[in-house]
Amino acid sequence: MKGQVNFKIFWKQTLLFLTLTVCALFFAGCSNRNAPVPPNKRLSGHQFNPESTLLERIKPIPESLLAELKKTDEREDYAAYMPGPSETAAIATVFEALPPLCTEVMRERLAALYFVSNFVSAGYSDWLVNERNEIYTIIIISAEALKTSIDELLTWKEKSCFIDDNSGFEIKISVSPSQKGFTYIMLHESCHAVDYVLGITPFTEPDIKLLRQTPAETGFTRGIWRSHKQSVTDYKFREGVSFYQNPRVKISQAESLYKEMSASPFISLYGSLNWAEDLCEFLTFYHLTEKMGMDYKIEVTQNGKAAYSARPARQEQVRKRFEHLEVFYEPARQ
């Protein structure tokens, strides 16, 4: 009879399909885990001592890595930097105030913390693997972050997104006049470390797919991100966002840009770049405002007069996403 199903054949075909699918996924996973890893991604190149304290992992950056950074950023003025005693004491204070999960993951998987003078970025994280292809991280931070305030650093970083068109517009980001820029960078980069190791987003960067299978979404990205750089909703303001080098947006457009951002679920322009930066900006400003009691404010002025201001951490769409950050404050992993 037309439409009648032979269930015996149906189940044989179904079981065969499922078997082939499971096998394909298994071998794909094995292939990813055994994929060749470049020499510069090997943990063995960073003299990692798992018994060392976090402060003891502050080391001079290897010459080979410094040369690689100079070549990538086209900068000859990069130089290794080691913090002095007073700076080391300040670093220790910041370490003690980090979210518990950040501290735990860094103790287990942070191979080294390097400082670089004249670094074009505020901070930078990268992944490494050991002989079993388990993920570790390094963090590289601008030495200037130890000397400038968090407000100065955040303002400098934000202004790198804009082209100065002599329109009289200025941007200021404020959080706290007493904190150093290192506080912001360490919160942000330690969050990347957690994301590399635990996958709070599907992957911190696409190359992680070489090491493990990644989901299409996680609790943090669901409903916000369609892929690493593509948001579910098409927010026009994201189109021109770029930081540190080659800005594409005129500073006279800043007011309209921030107004559009304020109607979105992003806590900062930098966080709108991709889901990994979204997570780290969220954790950073959540911790600064909700845990440390600071006031995160964006101000746009023209010729010294107020044009627009916003407090992104108070926006309803932003606050709805705070629940996804509680994992960073839960008891230690078993």
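The values are calculated or read from the model by the stated rules, or taken from the named source; none is laboratory data. These figures come from a predicted structure and were not determined experimentally. As a convention, Cβ positions derive from the backbone with ideal geometry for all residues, glycine included, and neighbour counts pool all protein chains shown.
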Single match in Thr155, Thr183 (criterion: under 30 Å from Glu76 (Cα atoms), under 19 Å from the mean Cα position of the chain (by Cα) and without any contact (Cβ under 8 Å) to a residue 24 or more places away in the chain)
Thr155
Out of everything in the range 213-262 that is touching a strand residue (DSSP E or B) at 6+ places or on another chain (Cβ under 8 Å), surrounded by 14 or more Cβ atoms within 10 Å (Cβ to Cβ) and charged (D, E, K, R), what residue ends up being nearest to Lys41 (Cα to Cα)?
Glu217
Output for the range 208-250, where each listed residue is within 12 Å of Leu273 (Cα to Cα) and in a strand (DSSP E or B):
Trp225, Ser231
Check every one of the helices (runs of 4 or more DSSP H) wholly within the range 66-163 and list those with 3 or more residues that are polar (S, T, N, Q).
85-96
Name the one entry in Phe266, Phe328 that is assigned to a loop (DSSP other than H, G, I, E, B), farther than 19 Å from Glu170 by Cβ and within 20 Å of the chain's Cα centre (by Cα).
Phe266
If I filter the range 97-122 down to residues being at pLDDT below 95 and small (Gly, Ala, Ser), which single residue comes out as farthest from Glu76 (Cα to Cα)?
Ala122
Of these, Thr148, Thr93, Thr103, which one is among the polar types (S, T, N, Q) and under 24 Å from His46 (Cα atoms)?
Thr103
Name the single residue, out of those in the range 277-310 being in a loop (DSSP other than H, G, I, E, B) and surrounded by 16 or more Cβ atoms within 10 Å (Cβ to Cβ), that is farthest from the chain's Cα centre (by Cα).
Met294
Within the range 311-321, can you find the residues that are in a helix (DSSP H, G or I) and crowded, with 16+ Cβ neighbours inside 10 Å?
Pro312, Ala313, Val318
Test for Leu273: is it under 26 Å from Arg226 (Cβ atoms), within 16 Å of the chain's Cα centre (by Cα) and not β-branched (Val, Ile, Thr):
yes
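So that you can scan it fast, the table gives a plain yes or no per residue for (1) over 22 Å from Cys161 (Cβ atoms); (2) in contact with a strand residue (DSSP E or B) (Cβ under 9 Å, 6 or more places away or on another chain):
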position	(1), (2)
Arg107	yes, no
Ser125	no, yes
Glu131	yes, yes
Thr137	yes, yes
Ile140	no, yes
Might you check whether a residue that is basic (Lys, Arg) and touching a helix residue (DSSP H, G or I) at 6+ places or on another chain (Cβ under 6 Å) occurs anywhere in the range 154-171?
no
